[in-house]
Amino acid sequence: MIIDSSTMESEDEESLLGQESEDENSELSDSELQEAFAKGWLKPGMNVLVDKTKKHVNNVEGLKQCLAGFRKDLPWAERLDMTNLPAEDIIYKAEGKKPAVKNVDVNPDDDFQREMFFYRQAQATVLDALPLLSKHGIPTKRPDDYFAEMAKSDQQMQKIRKKLISKQLILEKSEKAKKLREQRKFGKKVQVEVIQKRHKEKRDMMTAVKKFQKGMTDKLDFLDGDQKKPKEPSQAQNKVAKDNKKGPNAKRKYKDQRFGFGGKKKGKKWNTKESHNDVSGFRAKVANAKGAKGAKKGAKGGKQNKRPGKSVRKKTKSRS
């Protein structure tokens with residue numbers, strides 16, 4: 001077979017020329033369309049897509065054939081299908097009332113009514129299905145010696161158990177560490193409180209020693225610091241004790257003893273009920289001024305109650 005090269009070249013040229021002519025035509029067509037749009041020849045609504053009307057086919061015979069094809073005439077024990085209306089409302093029936101909502105009047109948008117409808121329908125199904133199951137000899141309760149194989153193997157369950165145990169141990173360790181940290185914090189807090197308490201006891205003891213040295217108190221209770229101290233009274237008890245306490249405090253007594261009482265002096269020698277009833281210092285001889293026999297008052301040998309002089313009285317007063 002001989003192929004002429006000149007014929008092949010001419011065919012190629014024609015194909016190229018055809019492509020160029022198509023491009024030119026397409027360019028020309030685009031330009032023409034643009035010119036037509038600019039001149040207003042192209043208007044909306046000229047080209048409208050029209051959907052084809054869908055033809056609905058109701059092939060009753062074909063549907064019946066399909067239904068007969070997958071229908072199987074099986075006994076009820078193989079099908080276990082039930083179609084029931086909801087059971088009667090027992091509460092309304094016991095009270096002798098009519099049900100608030102009938103089966104037809106259930107509002108599908110009301111969640112409570114819809115769920116109650118499903119619940120009562122399931123009740124009616126169970127009540128009708130149990131006698132049928134017992135009639136066909138189908139057991140409805142699990143036997144005591146029933147053994148169900150696990151979905152997972154024993155090895156897989158052992159792995160899961162080990163993993164759970166390891167997680168539990170980790171949690172226990174973390175809890176234990178947390179408790180230890182809290183105990184350390186609490187121990188430090190207790191230690192600080194004990195040190196502060198010791199410092200306070202030391203300050204109180206030094207204050208009591210200074211008071212004793214100055215003569216402000218004559219009690220030595222601060223030396224019994226190791227012994228158990230009596231329970232400190234509350235603020236209310238302290239207030240009551242202060243109210244009931246009569247006379248000056250220890251500081252006032254100490255100053256009175258050292259510098260004298262610089263208050264009221266008038267009426268110091270007045271007799272009172274207590275001094276009148278007190279006869280402990282009564283002496284009959286002194287009161288009756290009985291001296292020697294036959295001696296007159298002021299005579300020698302008689303016992304006299306002489307008052308000390310002014311200088312002696314000053315000396316005794318300054319000593320006291």
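The values are calculated or read from the model by the stated rules, or taken from the named source; none is laboratory data. These figures come from a predicted structure and were not determined experimentally. Please note that ligands, DNA and RNA were not included when accessible areas were found on the heavy atoms of the full protein model with its side chains. Shrake-Rupley method; radii C 1.70, N 1.55, O 1.52, S 1.80 Å.
The residue that is modelled with the lowest pLDDT, among those in segment 249-288 that are assigned to a loop (DSSP other than H, G, I, E, B) and aromatic (Phe, Trp, Tyr), is 261. The number of residues in segment 53-90 being assigned to a loop (DSSP other than H, G, I, E, B) and open to solvent by 100 Å² or more (accessible area, probe 1.4 Å) comes to 12.
Filtering segment 138-161 down to residues that are open to solvent by less than 100 Å² (accessible area, probe 1.4 Å) and over 41 Å from the mean Cα position of the chain (by Cα), which residue is farthest from residue 76 (Cα to Cα)? Here the residue is 153.
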